[in-house]
1. Identify, from the list K123, K128, the residue that is of a type in the set (D, E, K, R), surrounded by fewer than 14 Cβ atoms within 10 Å (Cβ to Cβ) and more than 30 Å from T233 (Cα to Cα).
2. Restricting the search to the stretch 261-286, which residues are part of a strand (DSSP E or B) and crowded, with 24+ Cβ neighbours inside 10 Å?
3. Report whether or not I222 is touching a helix residue (DSSP H, G or I) at 6+ places or on another chain (Cβ under 9 Å) and touching a residue at least 24 places away in the same chain (Cβ under 8 Å).
4. Quick one: which strands (runs of 3 or more DSSP E) sit completely within the stretch 138-230 and have at least 2 residues that are in contact with a strand residue (DSSP E or B) (Cβ under 7 Å, 6 or more places away or on another chain), over 23 Å from W285 (Cα atoms) and modelled with pLDDT under 95?
5. Considering only the stretch 231-251, state which residues are touching a strand residue (DSSP E or B) at 6+ places or on another chain (Cβ under 8 Å) and outside any strand (DSSP E or B).
6. Pairs only if they're at least six apart or on different chains, beta carbon under 7 angstrom, first in the stretch 22-44 and in a strand (DSSP E or B) and modelled with pLDDT under 90, second buried (at least 16 other Cβ atoms within 10 Å of the Cβ) and among the aliphatic types (A, V, I, L, M); list them, first residue then second.
7. Would you confirm whether any residue within the stretch 62-84 is closer than 21 Å to D237 by Cβ, at pLDDT 95 or above, part of a loop (DSSP other than H, G, I, E, B) and not aromatic (F, W, Y)?
8. Would you pick out the residues in the stretch 103-142 that are charged (D, E, K, R) and in contact (Cβ under 8 Å) with a residue 12 or more places away in the chain?
Amino acid sequence: MRIPLFHLFCISVLPVIHGVLESKPQNRGTEDGTSITCGQVITKTKNRIVGGEDATRGAWPWQISLQYKGKHACGGTLISPDWILTAAHCFPSNVMFSDYQVNLGNYQLLKPEPNAQWVKLSKVITHKAYAGDGTSGDIALAQLKHPIHFTESILPACLPDAMVKFSSGTFCWVTGWGATSYGASLGGPMTLQQIRLPLIDTMKCDEMYHVGTTINPKTREIQDDMICAGYATGKKDACVGDSGGPLVCQDNGAWYVAGIVSWGDMCALPNRPGVYTLVSFYEDWIKKHYPRAQFGLVNITYNKVRPSGSASSLFHTDFNFFLLLTVMSFTAFLLI
């Protein structure tokens, strides 16, 4: 049976048109299969700055921005391709988690990186014990709507297992897009901030929080699921907007999320160091709600992203456009 020319064209060429129209943008190529462990920084960074200054681009690849209706609300830590760790107080009971999105791989929130990603949430789990500012249980897990691919600028921090201990006096780092001082929002392009702080013994921190108050000294302010970091003199601290973000400490070359920015008395006041949720305290809780969670040093694979606008990607895009024009011209000719 002879097939009319136009029908033959439809059979043989329309799939090509469909393929051209369905092809995904090729402006960012990847090279797959590079293996490392969690808690690593791929991008070469300069010396980290002490005192609440701009971080170096790519220095903290697990830092995420938790955004409510498109605006930065809290920080958080990427711990796997589809889960982040943050604070329970970042999800007030009167809001819907469907209004949140996670921004990964960014440095300046108002000047997004070419390879930054935005992903909606599919699930949020807050600890039932959390009852407001200063209480225990200020921890939350949030699942991304779909897993992301790790890149040089998007990598997970390690979760500390029972073998990883950080003693008082250990210097750790806090990062976030929070206020630079109480009542002052982060201006400009909203560049990621970092600060280096020493861990403080829990009982010592509790004593500090009783200074200048009428609270009974036997009433504990700092609970067993909390950890403190900062100085008795104040001046350096996390602040509003850093909530939920990571306090990371290094062990054998890997960065572990030791704490979650939780609460404090204003920001950087004397005898009022920042208080963080102690992540290792909640190992069982994390495993209960996220059974695939891995603690300690974990092997991962990330993709090397080729620069945007490479010759190969431009050729692919131009070729697709040329092919589409050719097919459309041929179609018009046959229909005349």
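1. One residue alone meets the criteria, K128.
2. Matches in the stretch 261-286: V261, S262, G274, V275, Y276, T277.
3. In short, yes.
4. Answer list for the stretch 138-230: 193-200.
5. Y231, K236, D237, A238, C239, G241, D242, S243, G244, G245 - these are the residues of the stretch 231-251 that are touching a strand residue (DSSP E or B) at 6+ places or on another chain (Cβ under 8 Å) and outside any strand (DSSP E or B).
6. T30/V305
7. Checked against the condition, which is being closer than 21 Å to D237 by Cβ, at pLDDT 95 or above, part of a loop (DSSP other than H, G, I, E, B) and not aromatic (F, W, Y), the stretch 62-84 yields no hits at all.
8. Passing the criteria: K111, E113, K120, K123, D133, D138.
The values are calculated or read from the model by the stated rules, or taken from the named source; none is laboratory data. Treat the numbers as computed from the prediction; the structure is a model and nothing was measured. Using ideal geometry, Cβ is built from the backbone for each residue, glycine included, and neighbour counts are taken over all protein chains shown.
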